[in-house]
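All remarks here apply to the structure that follows.
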Amino acid sequence: MATVERQSGVSRPSSQIVALDIARAMAAMIVFLGHVRIVFFVPWDELSAGSHTLGAELLYAVARFGQEAVLVFFVLSGFFVGGQVIARLEAKHFNLRDYVIDRATRLMLPLVPACVLTAVVGYLLAGNFADLPALLGSAFGLNGIFVDTSFYNPPLWSIAFEIWFYVAAGAVACIFTGQARALALILFIAIGYVFSILNASFLLFWVIGALVYKCHDDLKKPVYFYAGLVIAIVGAALFETHHAGPDVMARDRAVYWQALVCVGFGLMIPYLTTEVVGKLMQPFAKVASFMAASSYSLYVFHYPVLKAMTLFVPRMESFGVGPVLAYVTISVASFSICLGLWWMFERHTDDLRRWFKDNSSIRTSVVKSALQDV
């Protein structure tokens, strides 16, 4: 399988790398299944007597790796989006208007409906719209900076980071291309302020993904994959061991373990893009592509969907056959609802993107003609 595709003369990471599609889908599912457990099961130490079984330990363990899954998202985003910016800069094909349209449509088409859904669910559960300021801020990446992240959709915390990653990449590209440099300088001031509040280490983790794209031809040997796998496992183990413990110093060092996860996964990416791995993964291509394509919708929609279901399903205090069947039923039902929301919104991203580009081109031509007439 080809590891890059060429479009309009520009080399960029392919969105059809099956192994990376699988990684993205798995990361989304880990977050989703972990939240199903958190929403519908009481904490471990509150389970009824006799419920602390091996099966319960496995179920509860899934919820522990949500943060690592988000780190995988950040590195993949850096690889695909940051890599695309690098490729277009090298080919001298970077266009600010197209970049803004591409990133805005990608983020906003599912995000705005997710915020609306969250507001409705919040009203159904609390009888008010007290969460509305948080949701308005979340729609523009301002949660964690000026407003809190919504109580009814906490996964939106990472979307704020994603928005500012894209802003930073666009600002850097503007400096290199000479497009809108004054705007870029203003954005750099805003970015500096934003990451004085948000965790700036996550921006560095995103950059790791972009650097992997830049160097991926030199890192395709299996030895880098296996070294990265070991590093990522060690980082995840250290992070899980220390970040939630009573030792404040150990919690402060959690960023180092997160960095190991990101560096390790980054080293794994180049080998996963090789033709050898592509052929092995080819039987899973269609399923992986679909799951990866809908993973963003699953991420932004699942939590309010789960919270809405708490109107009908009580939180479980025991673990056994009945609760497991309930867990599976809830997971399938909520996943199906999220797929329906993907079908309504995110799957139209390319159509909306083309519409914006076509109409913005028309408006630009009209303005240029008017100026020439003057």
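Put simply, of F265, F335 the only residue that is closer than 30 Å to H52 by Cβ, at pLDDT 95 or above and crowded, with 17+ Cβ neighbours inside 10 Å is F335.
Tell me whether segment 91-111 contains one or more residues that are among the aliphatic types (A, V, I, L, M), outside any helix (DSSP H, G or I), at pLDDT below 95 and out of contact with any Cys (no Cβ under 6 Å at 6 or more places or on another chain). Spell out how you get there, then give the answer.
Here is the first cut: in segment 91-111, the ones among the aliphatic types (A, V, I, L, M) are 91, 96, 100-101, 104, 107-109, 111.
Filter again for outside any helix (DSSP H, G or I), leaving 91.
Going one step further and asking which of them are at pLDDT below 95, we end up with 91.
Those left that are additionally out of contact with any Cys (no Cβ under 6 Å at 6 or more places or on another chain): 91.
Within segment 91-111, one or more residues are among the aliphatic types (A, V, I, L, M), outside any helix (DSSP H, G or I), at pLDDT below 95 and out of contact with any Cys (no Cβ under 6 Å at 6 or more places or on another chain).
Among the residues examined, V194 qualifies as in contact (Cβ under 8 Å) with a residue 12 or more places away in the chain, in a helix (DSSP H, G or I) and within 30 Å of F301 (Cβ to Cβ).
Among the residues of segment 314-332, those identified as in contact (Cβ under 8 Å) with a residue 12 or more places away in the chain and either more than 22 Å from the chain's Cα centre (by Cα) or outside any helix (DSSP H, G or I) (or both) are R315, M316, E317, S318, F319, G320, P323, V324, A326, Y327, I330. Out of everything in segment 304-332 that is among the polar types (S, T, N, Q) and over 30 Å from L107 (Cβ atoms), what residue ends up being modelled with the lowest pLDDT? Top of the filtered list is S318. When you check F205 against the structure, is it at pLDDT 95 or above, under 21 Å from Y296 (Cβ atoms) and either part of a helix (DSSP H, G or I) or within 22 Å of the chain's Cα centre (by Cα) (or both), yes or no? Here the answer is yes, as F205 does meet what is asked.
Condition test on G122, is it over 28 Å from L211 (Cα atoms) and touching a strand residue (DSSP E or B) at 6+ places or on another chain (Cβ under 6 Å)?
Numbers: over 28 Å from L211 (Cα atoms): yes; touching a strand residue (DSSP E or B) at 6+ places or on another chain (Cβ under 6 Å): no.
No, not satisfied.
The single residue among V85, V62 that is part of a helix (DSSP H, G or I) and touching a residue at least 60 places away in the same chain (Cβ under 8 Å) turns out to be V85. Listed by first and then second residue, the pairs with beta-carbon distance under 6 Å, at least 6 apart or on different chains, first residue in segment 118-133 and surrounded by 15 or more Cβ atoms within 10 Å (Cβ to Cβ), second modelled with pLDDT of 95 or more and among the charged types (D, E, K, R), are V121/K307.
Does G122 satisfy being assigned to a loop (DSSP other than H, G, I, E, B), at pLDDT 95 or above and either under 22 Å from G66 (Cβ atoms) or of a type in the set (K, R) (or both)? First the steps, then the outcome.
Working: assigned to a loop (DSSP other than H, G, I, E, B): no; at pLDDT 95 or above: yes; either under 22 Å from G66 (Cβ atoms) or of a type in the set (K, R) (or both): yes.
So G122 does not fit the description; no.
Each residue in segment 15-44 was checked for being part of a loop (DSSP other than H, G, I, E, B) and either buried (at least 19 other Cβ atoms within 10 Å of the Cβ) or not polar (S, T, N, Q) (or both), and 3 of them qualify. Condition first: part of a helix (DSSP H, G or I), of a type in the set (F, W, Y) and surrounded by 17 or more Cβ atoms within 10 Å (Cβ to Cβ). Now tell me which residues in segment 338-355 satisfy that. W342, the sole residue that qualifies.
When segment 208-224 is filtered for residues that are part of a helix (DSSP H, G or I) and farther than 15 Å from V75 by Cα, the ones remaining, listed by number, are D217, D218, P222, V223, Y224. The residue list G144, G209, G228, G137 contains one member that is surrounded by 15 or more Cβ atoms within 10 Å (Cβ to Cβ) and at positive phi, which is G144.
The values are calculated or read from the model by the stated rules, or taken from the named source; none is laboratory data. Computed from a predicted structure; not experimentally measured. So basically every Cβ, Gly included, is an ideal-geometry build from the backbone, and we count neighbours across all protein chains shown.
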